[in-house]
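Participant: One structure coming up, written as structure tokens, with questions to follow.
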Amino acid sequence: MLKSKNIQERKYFTPRPRKKVLVSNDFREVLVSQETSIIEQRVITIILSCIKEEQSLFISVKSPLNINGPIQFNFDDYFEGWANQGTVNFEIPLKFLNPKRIMKNMTIKSALVNMANINWLQLKDSSINGYQTVPFILKPQWNKNNLYFKMDKTVLKHLLNMSHYFPLKKDLAYQVSSSNTLRFLMWIMKFKKFGGLSMEYSQILKQFSINKDKYEGRSRFERDFLQSIKADLDSFNDLSFNYAYHDGKYTFSIYNTSKSTSNNVNFVSLNDLQVERSIKYLKRKRTLNDANVRTLRKLFDIKGYKELSTRLKNKIDSKLNSDNYIKAVFNLLEKQS
């Protein structure tokens, strides 16, 4: 029976500096099957950064982590060292969760309360040959510096089942524009060894528990779901995808963003996607002609989406259209320079 002095003495799991964290196949299924907010996804990646050493104990010798020696522990023996009645403790500095202080404390609090809800997680229950709902974290507490919570060791076992696992960039949850990005990545990574997959549109919606009427058709699904995810992954991840639609099926091809040089791979940055959406919106709202659109696109090319949109937001009379709108844009930029 394993008796770990380190486990007995350490009171809290705390975040560690990581480039990547490991997602167990068990938990990958959880992330795919239910909606999680970006804040919840950040909490999840921080938790995974806390337990990476513990995860490595359950990875075979041939793993990429190059663990020395045949280390395979029994879960019950492993947790024998914990003296807190079947739970483990976490201490998360707020600077890890909200490094730029751009999220409101109330938003963080709401996410923590939600994750402590008994319906947050579904786990298999062998005693009834079915499932049970459980909270992901227990007893969340916080002050101005730290978050504190407990986790039931049954949930932690779910995160430590390393029979199959997937590496995930830790910073991805801080960079994405949509909470769907992480879910989709977790889903498509399962097919990486095949280079991709083909699946009917209706079946894809079922994979993510999306109502068939949510996107008002396939084109809206591509615009509001696939394109945002692809832009995020092209910009911030080492794995992304292309897609095509034919005869009722989507075909996805997976590629490594850092190694791919193929002319068939179309990289779309998040900036490009945001610019296109903004121009499309302004063309309709401000009755822009083709010359106006070309001028506006050049400004976005020079300034970038983030800077130009910030400088223009709610600062131009809503009644100005077409040439008058473009003139007002230049006048405003001249005043701000």
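The values are calculated or read from the model by the stated rules, or taken from the named source; none is laboratory data. A quick note: this is a predicted structure, and the numbers were derived from the prediction, not measured. Note that each Cβ is placed from the backbone with ideal geometry, even for glycine, and that neighbours are counted across all protein chains shown. Remember, those area values only see protein heavy atoms, side chains included, never the ligands or the DNA or RNA. Shrake-Rupley method; radii C 1.70, N 1.55, O 1.52, S 1.80 Å.
Participant: Leaving ligands and nucleic acids out of the surface, order Trp142, Trp187 by accessible area at 1.4 Å, largest first.
Facilitator: On the way: Trp142 110, Trp187 5 Å².
Result, largest first: Trp142, Trp187.
Participant: Could you order Met106, Met115 so the one with the most accessible surface comes first? Probe is 1.4 Å.
Facilitator: Sorted descending by solvent-accessible area, the residues read Met106, Met115.
Participant: Among the aspartates and glutamates, which fall within straight-line cross-link reach of Lys283, defined as a Cα-Cα distance under 13 Å, with same-chain neighbours fewer than 8 residues apart omitted?
Facilitator: Reachable aspartates and glutamates: Asp323.
Participant: Aspartates and glutamates within cross-link reach of Lys206: Cα-Cα under 14 Å, excluding same-chain residues under 8 positions apart?
Facilitator: Glu29, Glu35
Participant: So what does Asp301 come to for accessible area, using a 1.4 Å probe and Å² rounded to 10?
Facilitator: 120
Participant: As a test question: what accessible area, to the nearest 10 Å², does Lys214 have when a 1.4 Å probe is rolled over all protein chains in place?
Facilitator: Solvent-accessible area, nearest 10 Å²: 120 Å².
Participant: Step through the residues of segment 141-151 one at a time and calculate ³J(HN,Hα) from phi using the Karplus curve (6.51 cos²θ - 1.76 cosθ + 1.60, θ = phi - 60°), rounding each to whole Hz and writing x for Gly and Pro.
Facilitator: 9, 7, 9, 6, 10, 9, 10, 10, 7, 10, 9
Participant: Work out the FRET efficiency for Asp272 and Ser126 from their Cβ-Cβ distance, taking R0 = 51 Å, and round it to the nearest 0.05. All intermediate terms of the calculation are to be shown ahead of the outcome.
Facilitator: Numbers: r = 49 Å, r/R0 = 0.96.
So, using R0 = 51 Å, E works out to roughly 0.55.
Participant: Throw me the Rg/Rh for segment 177-264, computed over C-alpha atoms with Kirkwood Rh, two decimals. List each step's numbers first, then the result.
Facilitator: On the way: Rg = 12.7 Å, Rh = 13.5 Å.
Checking Rg against Rh, the ratio lands at 0.94.
Participant: Hey, another quick one. Once phi is turned into ³J(HN,Hα) by the Karplus curve 6.51 cos²θ - 1.76 cosθ + 1.60 with θ = phi - 60°, what whole-Hz value does each residue of segment 274-282 show in order, with x for glycine and proline?
Facilitator: 5, 5, 4, 5, 5, 5, 4, 5, 5
Participant: Counting only protein chains, not ligands or nucleic acids, how are Glu35, Glu222 ordered by accessible area (probe 1.4 Å), most first? Intermediate results must be reported in sequence, preceding the final value.
Facilitator: Values: Glu35 135, Glu222 35 Å².
So, going from the largest accessible area down, we get Glu35, Glu222.
Participant: Students often get this wrong, so check it: of Lys303/Lys327; Lys192/Lys249; Lys19/Lys150, which have C-alpha atoms separated by over 21 Å? Intermediate results must be reported in sequence, preceding the final value.
Facilitator: Details: Lys303/Lys327 17 Å; Lys192/Lys249 19 Å; Lys19/Lys150 25 Å.
Beyond 21 Å between Cα atoms: Lys19/Lys150.
Participant: Rounded to the nearest 0.05, what FRET efficiency do Lys104 and Asp224 give with R0 = 25 Å and r taken as the Cβ-Cβ distance? Could you check?
Facilitator: Details: r = 25 Å, r/R0 = 1.01.
Plugging the Cβ-Cβ distance into 1/(1 + (r/R0)^6) gives 0.50.
Participant: Please work out how much length the chain gains when fully extended from Ala116 to Thr14, using 0.36 nm per residue of separation minus the C-alpha to C-alpha distance, in nm with one decimal.
Facilitator: Numbers: separation 102, 0.36 × 102 = 36.72 nm, distance 1.86 nm.
Result: 34.9 nm gained on full extension.
Participant: Under 16 Å Cα to Cα from Lys104, which lysines show up? Leave out anything in the same chain fewer than 8 places away.
Facilitator: List returned: Lys95, Lys144.
Participant: How long are the semi-axes of the ellipsoid equivalent to segment 128-182, from square roots of 5 times the Cα gyration tensor eigenvalues, in whole Å, largest first? Spell out each step's value before the answer.
Facilitator: Details: eigenvalues 110, 89, 31 Å².
Rounded to whole Å, the semi-axes are 24, 21, 12.
Participant: Assuming R0 = 45 Å, what is the FRET efficiency of Ser309 and Gln207, from their Cβ-Cβ distance, to the nearest 0.05? Intermediate values should be presented prior to the final figure.
Facilitator: Working: r = 33 Å, r/R0 = 0.74.
E between Ser309 and Gln207, to the nearest 0.05, is 0.85.
Participant: Could you tell me the accessible area of Arg277 in Å² (1.4 Å probe, neighbours in place), rounded to the nearest ten?
Facilitator: My reading of the accessible area for Arg277 is about 100 Å².
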